[in-house]
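Here's the structure, in structure tokens; my notes come after.
The values are calculated or read from the model by the stated rules, or taken from the named source; none is laboratory data. Remember, predicted model here, so these are calculated numbers, not experimental data. FYI the Cβ positions are ideal-geometry reconstructions off the backbone, even for glycines, and counts take in every protein chain you see.
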Amino acid sequence: MRKEYETVIGLEVHVELATKTKIFCSCSTEFGGEPNTHTCPVCTGMPGALPVLNKQVVEYAAAVGLATHCTITQVHKFDRKNYFYPDNPQNYQISQLYLPICRDGYVEIELSGENDQKPEGNPGTENTARTENTSGAENNSGAENISGTEIDRAMRKKIGIHEIHMEEDAGKLVHDDWSDCSFVDYNRSGVPLIEIVSEPDMRSAEEVIAYLEKLRMIIQYLGASDCKLNEGSMRADVNISVREVGAEEFGTRTEMKNLNSFKAIARAIEAERERQIDLIEAGEAVIQETRRWDDEKEYSYAMRSKEDAKDYRYFPEPDLVPVVISDEWLQKIKDSLPEFQTEKLSRYLKEYEIPLYDAKIITGHKKLADIFEAASELCKKPKKVSNWLMVETMRLLKEEEMDPEDLTFSPKNLAGLIELTEKGIINSTVAKEVFEKIFHQDVDPEQYVEEHGLKMVTDDGVLLQTIEKILQENPKSVEDYRKGKEKAIGYLVGQTMKAMRGKADPAKVSQILKEKL
């Protein structure tokens, strides 16, 4: 009989910071440039080139540390991690081992519960109904003032953060199957990173995804990174082991790499858990190693053994002086921290009076929150703005397989569309058509409606004439309605709207049809 096992998981999360220039030189960090065009002697490791620390990197790292309840090391330094690999031009990486900038923090995650009731008809996105820490902890307080007890009943867990350190990213190897060789692109070499090292506190894929989503949300609110997994600006290595339920000692862990989506991470965790359990049940040993995940095949394979720890020969970086964060500088960083999700959630419920579920989804993504607040300020109709974001925006995001952070339409154009609808210039059907154009091309709704002749027909004579024609052309539907078949009116309304090319008020059409019948 198979024993019961517990999964033990810790994460190493690498986040590329949103500075305009690299950590030790003035080269651009812009994603997607032609290979080796964002380079200089410093980031390509030329002899004699000396690094100069980017101050913004320190401020972003400290801000992330403060937002995750870490202790900030006010006097810290860089170390040199020595290893050879083609994408590492210096044959060493400047990182932090002995005195990282942040230590001993935590992130509080919310696990799925029955408190989040999704309203019927409101589409959502996977794993978005999360909330910030509501325990009154420093930097994330405020939700204790929320009326209603749904949030307070949520299941929460604190995930410890061992440390956060700064380092430089490596370049990128581009494998070419046709020539059977690899090329090196050093554009990414020297891009600033923070590595967030968790404690082994997670026990399931659900907890891992909740932790990553919470980290991503915090970092995006800070503006420290866009955290796009598909572009590599947020990357997670998963350390996983299993042990019998009740055991105190950890099992042998493996490290999973090549995980570029939350779904891939969840699948990799479940697959590796089962692989390790099968080995143990068969009387075989789990080997400590690094494994690469193939998401298409849903299978991992060994990359290299970690039984003998590689000697990186760490020593203090001789070209950089220690960094001293004064009390005044640290206070300035604290004062610059934004309003996080918890505070926004509490404020939205009071100020805008939108449903709790909607408020949690909108505040769960900084881009949605920014659009919501700006559009609400312009049109003064927050509930309408919320409806457009929760229904049509979420629908299109799902269809296009986009993240909310990828939205490009302006709050001004969403507010303009709402105004056109509220004034009766266009109906709801046309509004949805126009919104799709706004979503994809950020068109001016008023100009688009004018150019495409989409305004509602206000001439009652034209509408009555059209309705009379529809009644004459559909005698069976007229007879069905008069016999008590209420559904027949829907068909007649549809035919009228079709004849009017959608430029009529469906409610008015229905009213006139019923009067005629």
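Only a single criterion out of (1) within 30 Å of F409 (Cα to Cα); (2) touching a Phe, Trp or Tyr at 6+ places or on another chain (Cβ under 8 Å) is not satisfied by E446, namely (2). Evaluation of M234 against the conditions (1) surrounded by fewer than 21 Cβ atoms within 10 Å (Cβ to Cβ); (2) out of contact with any Pro (no Cβ under 9 Å at 6 or more places or on another chain) shows that the sole unmet condition is (1).
For the stretch 278-307, filtering for residues that are surrounded by 10 or more Cβ atoms within 10 Å (Cβ to Cβ), in a loop (DSSP other than H, G, I, E, B) and at pLDDT below 90 leaves 3. For I218, the conditions (1) more than 20 Å from the chain's Cα centre (by Cα); (2) closer than 24 Å to E343 by Cβ; (3) not hydroxyl-bearing (S, T, Y) are fulfilled apart from (1).
Consider L368 carefully, then state whether it is touching a residue at least 24 places away in the same chain (Cβ under 8 Å) and under 20 Å from the mean Cα position of the chain (by Cα).
Criteria met by L368.
Of the numbered criteria (1) surrounded by 19 or more Cβ atoms within 10 Å (Cβ to Cβ); (2) closer than 23 Å to D442 by Cβ; (3) of a type in the set (S, T, Y); (4) at pLDDT below 95, the one T429 fails is (1).
For the stretch 177-196, filtered to residues that are surrounded by fewer than 19 Cβ atoms within 10 Å (Cβ to Cβ) and over 22 Å from T44 (Cα atoms), the residue that is nearest to the chain's Cα centre (by Cα) is D177.
Restricting to the stretch 29-82, count the residues that are of a type in the set (A, V, I, L, M, F, W, C) and surrounded by fewer than 19 Cβ atoms within 10 Å (Cβ to Cβ).
Looking only at the stretch 29-82, we keep the residues that are of a type in the set (A, V, I, L, M, F, W, C), and these are 31, 40, 42-43, 46, 49-50, 52-53, 57-58, 61-64, 66-67, 70, 72, 75, 78.
Then keep just the ones that are surrounded by fewer than 19 Cβ atoms within 10 Å (Cβ to Cβ); that gives 31, 40, 46, 49-50, 52-53, 75.
Residues flagged as of a type in the set (A, V, I, L, M, F, W, C) and surrounded by fewer than 19 Cβ atoms within 10 Å (Cβ to Cβ) within the stretch 29-82 amount to 8.
Within the stretch 226-252, residues that are on the phi < 0 side of the Ramachandran plot reach partners that are of a type in the set (F, W, Y) and assigned to a loop (DSSP other than H, G, I, E, B) with beta carbons closer than 8 Å, at six or more positions or on different chains, in the pairs E231/F31; S233/F31; S241/F250; R243/F250.
Please go through (1) in contact with an Asp or Glu (Cβ under 6 Å, 6 or more places away or on another chain); (2) under 30 Å from T393 (Cα atoms) for G490 and return the number of the only condition it doesn't satisfy. Of (1) in contact with an Asp or Glu (Cβ under 6 Å, 6 or more places away or on another chain); (2) under 30 Å from T393 (Cα atoms), only one is false for G490: (1).
Report whether or not E114 is surrounded by fewer than 16 Cβ atoms within 10 Å (Cβ to Cβ), part of a loop (DSSP other than H, G, I, E, B) and at pLDDT below 95. Show your work before the answer.
Working: surrounded by fewer than 16 Cβ atoms within 10 Å (Cβ to Cβ): yes; part of a loop (DSSP other than H, G, I, E, B): yes; at pLDDT below 95: yes.
Against the criterion (surrounded by fewer than 16 Cβ atoms within 10 Å (Cβ to Cβ), part of a loop (DSSP other than H, G, I, E, B) and at pLDDT below 95), E114 qualifies.
Checking P506, P475 one by one, the residue that is crowded, with 16+ Cβ neighbours inside 10 Å, of a type outside the set (A, V, I, L, M) and on the phi < 0 side of the Ramachandran plot is P506 and no other.
Condition check for P47 on (1) in a loop (DSSP other than H, G, I, E, B); (2) touching a Leu at 6+ places or on another chain (Cβ under 8 Å): one failure, at (2).
Going by the structure shown, is I277 in contact (Cβ under 8 Å) with a residue 60 or more places away in the chain and closer than 21 Å to E108 by Cβ? Spelling it out, it is not the case that I277 is in contact (Cβ under 8 Å) with a residue 60 or more places away in the chain and closer than 21 Å to E108 by Cβ.
When each of L320, L417, L349, L389 is tested for being touching a residue at least 40 places away in the same chain (Cβ under 8 Å), surrounded by 13 or more Cβ atoms within 10 Å (Cβ to Cβ) and not assigned by TED's automatic domain parsing to the domain that holds E167, the lone residue that passes is L349. Taking the stretch 253-266 as the range and being touching a helix residue (DSSP H, G or I) at 6+ places or on another chain (Cβ under 8 Å), in contact (Cβ under 8 Å) with a residue 60 or more places away in the chain and not small (G, A, S) as the test, the residues that pass are F262, I265.
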